[in-house]
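Q: I have a structure here, written as structure tokens, and I will follow up with some questions on it.
Rule-based calculations on the coordinates, nothing more; no lab input. Remember, predicted model here, so these are calculated numbers, not experimental data. Positions of Cβ are generated from backbone atoms using ideal geometry, with glycine treated the same way; all protein chains shown enter the neighbour counts.
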Amino acid sequence: MFRQNPLVVLATFLSGFALVVVASSFSIRSDEAQPDAALFQRRCGGCHSLDRDKEGPRLQGVYGRTAGTVDSFTYSDALKKSKLVWNDDTLEKWLTDTEKLVPGNEMAFHVENAAERRRIIAFLKQNSGH
């Protein structure tokens, strides 16, 4: 019967284990570094698109735009009257608590995770030419 050196067996095992650990860490990192477009699609894409109205208005060019002004979309009176201009601060507040920022609006959604909010805002900003 063929017999292997115990040190070779141990080295082979440790090398394989190290590869599994490295591969796992890359998997975790890729989830954490999920592209902002994928995050936008996952968190916002059910109701919004960049280039067309859905349940919510299209969001291409939203950064820097006055709230409630896309002609093809019917907004709540509360949002139209708010006169908000979408920027880092207003989008942060909006995604944190829409009702607190604009009482009576029709968007009952928020993003609890601050890092996700920042990434969504950065994505919207990038897709608005800013």
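Q: Pull up all non-local amide H partners of VAL85: gap of 5 or more, or a different chain, and H-to-H distance under 5 Å with H placed in the peptide plane.
A: Result for VAL85 returns ALA67.
Q: Here is a follow-up. Can you list residues from other chains, or at least 5 along the same chain, whose modelled amide H is less than 5 Å from the amide H of ASP53?
A: Long-range HN contacts for ASP53: ARG58.
Q: Something else: Applying the Karplus parametrisation 6.51 cos²θ - 1.76 cosθ + 1.60 with θ = phi - 60° to the phi angles of the range 62-67, what ³J(HN,Hα) value in whole Hz is obtained for each residue in order, glycine and proline being reported as x?
A: My calculation for the range 62-67 gives 5, 5, x, 8, 6, 4 Hz in order.
Q: Under the rule a/c < 1.5 gives rounded, and otherwise a/b versus b/c splits prolate from oblate, where does the range 79-130 land using the Cα gyration tensor?
A: Note, shape of the range 79-130 comes out oblate.
Q: Need the full-extension length gain, ARG42 to THR69, defined as separation in residues times 0.36 nm minus the C-alpha distance. One decimal, nm.
A: 7.2 nm
Q: Let me ask another. Could you name the lysines in cross-link range of LYS100, using Cα to Cα under 22 Å and dropping any fewer than eight places away on the same chain?
A: LYS80, LYS81, LYS83
Q: Once the piece of chain linking ALA115 and LYS80 is laid out straight, how much longer is it, given 0.36 nm per residue of separation minus the C-alpha distance between them?
A: Full extension of this stretch gives 9.8 nm more.
Q: Just want the answer: with Cβ charges of +1 for Lys and Arg and -1 for Asp and Glu, which residue in ALA114, GLY46, ASN87 is farthest toward the dipole's positive end in the range 34-126?
A: ASN87
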